[in-house]
1. Tell me, SER270, SER94 in order of fewest to most beta-carbon neighbours within 10 Å?
2. Be a star and scan the stretch 73-105 for residues whose amide nitrogen sits under 15 Å from the point 7 Å along the Cα-to-Cβ vector of ASP456.
3. Show me the trypsin sites (Lys or Arg not before Pro) within the stretch 389-443 that DSSP assigns to loop and that have at most 16 other Cβ atoms within 10 Å of their Cβ.
4. Just to be sure I understand the model, the point goes 7 Å from the Cα along the line to the Cβ. What's the resulting LYS412 to SER162 distance in nm?
5. Cut-off is 10 Å between beta-carbons; in what order do LEU411, LEU252, LEU398 appear when sorted fewest neighbours first?
6. Evaluate the distance, in nm, between pseudo-label points positioned 7 Å from the Cα of ASN420 and of ASN370 along their respective Cα→Cβ axes.
7. Only residues of the stretch 383-423 count here: report those whose backbone N is under 14 Å from the spot 7 Å along Cα→Cβ of ARG103, or say none.
8. Taking θ = phi - 60°, what integer Hz values does the Karplus form 6.51 cos²θ - 1.76 cosθ + 1.60 yield along the stretch 412-419, in sequence order, with x for Gly and Pro?
Amino acid sequence: MKKITLLFLIFSLVASAKNKQPNVLIIVVDDMGWSDCGFMGSDYYETPNLDKLASESMVFTNGYAGAANCAPSRAALISGASAPHTGVYTVSPSTRGKSKTRRLIPEPNTEFLDNDLYTIGDLFKEAGYVTGTFGKWHVGMDPLKQGFDHNVGGSRWGHPKSYFAPYIIPELEAPEGEFLTERLTNEVIDFIDDNKNEPFFVYLPYYTVHTPIQANNKLLAKYEAKQGSKGHDNPKYATMIESMDINVGRILDKLKTEKLDKNTIVVFTSDNGGVYGITEQQPLRAGKGTYYEGGVRVPLTFKWEGKIKPGTTDMPAINMDFFPTFKEILDVENVPHHLDGKSLWPLLSQGDELEERPIIYHFPIYLQNNHGAERVTRDPLFRSRPGTSIRLGDWKMLRYYEDDGIELFNLKEDIGETKNIAAQYPEKVKELEQVMNNWLNEKKAPIPIEANPEFDAAFEAKQKEKALNK
């Protein structure tokens with residue numbers, strides 16, 4: 001009897017120690033713009049559950065994605081490393097757009113993270129967590145080979161064929177007509193049920209609100225009757241936003257019902273800016289695929305009741321910071337590759353200001369313009385041409401490799417990046433170029449320099465004129 005009692009006591013102590021480790025839920029919405037939720041200023045999209053979550057969280061008004069489009073942003077979050085380290089710069093290939101309009105040979109793109117790379121999933125597993133990913137993976141063929149114990153709907157694919165079952169992509173069994181966002185949420189709730197007695201890590205990269213834009217018809221009439229504002233006026237897209245919000249609320253309610261809410265860290269963000277032509281991020285410029293603020297600035301919140309004080313901060317943070325932040329929280333000593341982000345834990349836990357550091361994006365490739373943003377990007381043919389951007393303090397600079405072009409903006413005075421003031425501030429350009437060059441050299445970042453023999457200036461000019469006049 002004494003032996004049984006002792007074993008029970010040991011088991012209880014082990015279980016209690018496990019339960020002291022916080023559960024972690026990271027929610028990543030696909031293509032949701034910086035202002036596409038109520039707590040970030042939208043009057044049109046309705047997100048009551050996210051608004052409540054934000055009221056209980058630290059909200060980063062200067063939250064940044066790891067890149068301006070899907071795969072490289074996710075690679076940055078999952079690896080904690082920048083694009084020059086992973087080689088993932090875009091959704092393949094790097095030769096996007098018409099060859100006759102590309103002056104340079106772009107650098108090759110790496111489609112997926114290596115299966116041997118230590119991921120954020122591996123980090124949690126090393127700390128004794130059960131790990132699950134639910135939704136869009138996009139940085140490999142199989143998350144189970146990249147640090148996760150459980151996978152629902154994750155593979156190489158970047159968007160579904162349909163949000164209504166049968167989905168085909170992703171391959172998931174579901175009742176006919178069931179909405180994909182709801183199916184993934186059901187799976188997360190089941191996962192919590194199965195693992196509520198041990199620490200768990202849920203990575204929830206919803207496929208929504210990526211195209212195809214398919215309305216939840218139960219909500220459509222409301223938005224069709226509602227007046228749009230500030231570039232938010234797409235009723236079908238609005239129903240996808242609200243459907244996501246409803247399902248986030250279901251997960252938060254589940255955590256509360258199971259009395260797990262006080263010991264669960266909840267992070268909410270998006271993988272890149274909203275798709276211009278579907279939604280706008282006024283006053284930010286442009287959208288997904290560009291390295292203007294509308295392409296990379298995203299909603300970002302952190303909640304941990306009693307540990308993270310709710311409020312708003314204007315300190316810049318990027319999704320590469322998640323990895324070192326949780327490394328510190330979990331007290332995992334060694335990670336077998338370089339981490340390019342910084343731990344946010346001193347700010348989250350103590351309110352300590354972080355040391356000023358540059359936010360740098362390197363994009364040595366091409367991404368064509370196909371979202372109606374011809375008049376808000378630098379030229380009408382490409383959302384991004386080869387270049388590097390840097391934000392340091394209030395200053396933002398973009399450098400282009402085709403023509404050595406420079407754009408300089410003061411975000412405090414011109415958040416919309418409407419006026420290029422490079423000519424007025426040559427010393428600031430020189431200062432930022434030095435920081436940028438040091439970073440590029442440190443990362444051994446490849447710079448495209450080889451001329452494209454297929455480039456045709458006359459053809460390019462005609463294509464630009466055609467794009468602007470359509």
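Quick note: the coordinates plus some simple rules give every number you see, no bench work behind them. Because the structure is a prediction, the values reported are computed rather than measured. Glycine also receives a Cβ, built like all others from the backbone with ideal geometry; neighbour counts cover every protein chain displayed.
1. Working: SER270 27, SER94 20.
So the ranking, lowest neighbour count to highest, is SER94, SER270.
2. Answer for this model: 98-103.
3. Of the trypsin sites (Lys or Arg not before Pro), the ones in loops of the stretch 389-443 whose Cβ has at most 16 other Cβ atoms within 10 Å are LYS412, LYS419.
4. Spacing of the two 7 Å Cα→Cβ label points: 5.4 nm.
5. Values: LEU411 17, LEU252 21, LEU398 24.
Neighbour counts put them in this order, fewest first: LEU411, LEU252, LEU398.
6. For the pair ASN420/ASN370, the computed spacing is 2.7 nm.
7. Taking a point 7 Å out along Cα→Cβ of ARG103, the residues of the stretch 383-423 whose backbone N falls under 14 Å are 385-388, 399-407.
8. Here the 3J(HN,Hα) series is 5, 9, 8, 5, x, 6, 8, 10 Hz.
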